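Engineer: Submitted below is the structure of interest, expressed as structure tokens.
The values are calculated or read from the model by the stated rules, or taken from the named source; none is laboratory data. This is a predicted model, so every value here is computed, not measured. As a convention, Cβ positions derive from the backbone with ideal geometry for all residues, glycine included, and neighbour counts pool all protein chains shown.
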Amino acid sequence: MARTVTAGLDGSPESRAAVEWAAREARLRGLPLKIVHVWESVPEPGAQAPLPGEESAKDVQLRHPGVEVLTDQLTGNPAEALCATADAAELMVLGSRGLGGIGGFMVGSVSLAVIAHAERPVVLVRSGEQAVDEHRTDAAGVPSAATPFLPVVLGLDTGTPSETLLEFAFDAAVRRGASLRVVHGWVEPPTSFYRFYGDAELYGSLEREHATVLADVLRPWRQKFPDTEVIEASRCGGAAQVLVTASRDACLVIAGRRVRTRPLGAHIGHVAHAVLHHVSAPVAVVAHG
């Protein structure tokens, strides 16, 4: 079965933004776009249930000529249906509500459930996201979709680097002709809190050590993708905060989710969770072993 870029649509502003992002991604990948809506109850017999809102395959296709647009309507639990759909897709795209009262994005329970259980990458797109938001401003400082993409940003654990995660990130950068900023956060030595003699030397040594490890991990990938500009960012600090800070000017932020089965079910991980709630750019969560 041919894979698709699949977007969940429920008529909300954030889901419409997700459909638009998915259409642009489908064009970059040369894949069909599938728009999915899940009905929790079966429509009345004989009723032709339309897709919610004013969205339709025809409307999307008019805005994105050359992209094949498919639709699918499912019945059942939204999280379960979307998870099953996601695993048959190249990637799943869902919406995320705008900034909440505590300065973070509101990620719904359905989106979190899909991210936590889907085996394929899941992208969350904020309400109001537009193509110009992912590009550099033009010479006059005006937002423009005709300018180069902003960087793709990847959060990477150098202790257990995932090839699946790295492959996804480099592929995303190549398709956009964008630079790839690879971010790694490391913990400050406890002695620095007490100002012991030699702290500065120890800090410098650790800084160089972590930077070297990151460079070693990325060296074969630089060779595999020689035309992609790679920016290595090894920073002292918690991995989540370092990645959030480094993502303020990104077109796409990528975080990994290690696949673990625990008694209480799948977990997203604190880094991906922080990025999902505090980064304004589209966020891709990639499951890996």
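Engineer: With respect to Pro263, is the statement that it is closer than 18 Å to Ser127 by Cα, of a type outside the set (Gly, Ala, Ser) and either modelled with pLDDT under 90 or touching a helix residue (DSSP H, G or I) at 6+ places or on another chain (Cβ under 8 Å) (or both) true?
Structural biologist: Against the criterion (closer than 18 Å to Ser127 by Cα, of a type outside the set (Gly, Ala, Ser) and either modelled with pLDDT under 90 or touching a helix residue (DSSP H, G or I) at 6+ places or on another chain (Cβ under 8 Å) (or both)), Pro263 does not qualify.
Engineer: Here's another thing I want to ask about it. Within segment 1-19, how many residues turn out to be in contact with an Asp or Glu (Cβ under 8 Å, 6 or more places away or on another chain) and either part of a loop (DSSP other than H, G, I, E, B) or surrounded by fewer than 20 Cβ atoms within 10 Å (Cβ to Cβ) (or both)?
Structural biologist: 4
Engineer: If you don't mind, there's one more thing I want to ask. Which ones in segment 121-143 are surrounded by fewer than 19 Cβ atoms within 10 Å (Cβ to Cβ) and touching a strand residue (DSSP E or B) at 6+ places or on another chain (Cβ under 6 Å)?
Structural biologist: Of everything in segment 121-143, those that are surrounded by fewer than 19 Cβ atoms within 10 Å (Cβ to Cβ) and touching a strand residue (DSSP E or B) at 6+ places or on another chain (Cβ under 6 Å) turn out to be Ser127, Val132, Thr137, Pro143.
Engineer: Now for a different question. Please work out if Ala240 is modelled with pLDDT of 90 or more, in contact with a His (Cβ under 7 Å, 6 or more places away or on another chain) and either not hydroxyl-bearing (Ser, Thr, Tyr) or not assigned by TED's automatic domain parsing to the domain that holds Cys83 (or both).
Structural biologist: It is true that Ala240 is modelled with pLDDT of 90 or more, in contact with a His (Cβ under 7 Å, 6 or more places away or on another chain) and either not hydroxyl-bearing (Ser, Thr, Tyr) or not assigned by TED's automatic domain parsing to the domain that holds Cys83 (or both).
Engineer: Those residues that are of a type in the set (A, V, I, L, M, F, W, C) and at pLDDT 95 or above, I need them from segment 166-202; list them, please.
Structural biologist: Answer for segment 166-202, where residues must be of a type in the set (A, V, I, L, M, F, W, C) and at pLDDT 95 or above: Leu166, Phe168, Ala169, Phe170, Ala172, Ala173, Val174, Ala178, Leu180, Val182, Val183.
Engineer: For segment 46-135, give me every one of the strands (runs of 3 or more DSSP E) that falls completely inside it and has 3 or more residues that are at pLDDT 90 or above and over 25 Å from Thr164 (Cα atoms).
Structural biologist: Output list reads 69-75.
Engineer: In segment 129-154, what residues are out of contact with any Gly (no Cβ under 7 Å at 6 or more places or on another chain) and in contact (Cβ under 8 Å) with a residue 24 or more places away in the chain?
Structural biologist: Correct list: Glu129, Gln130, Ala131, Asp133, Glu134, His135, Leu150, Pro151, Val152, Val153, Leu154.
Engineer: Taking Glu25, is it on the phi < 0 side of the Ramachandran plot and at pLDDT 90 or above?
Structural biologist: Spelling it out, Glu25 is indeed on the phi < 0 side of the Ramachandran plot and at pLDDT 90 or above.
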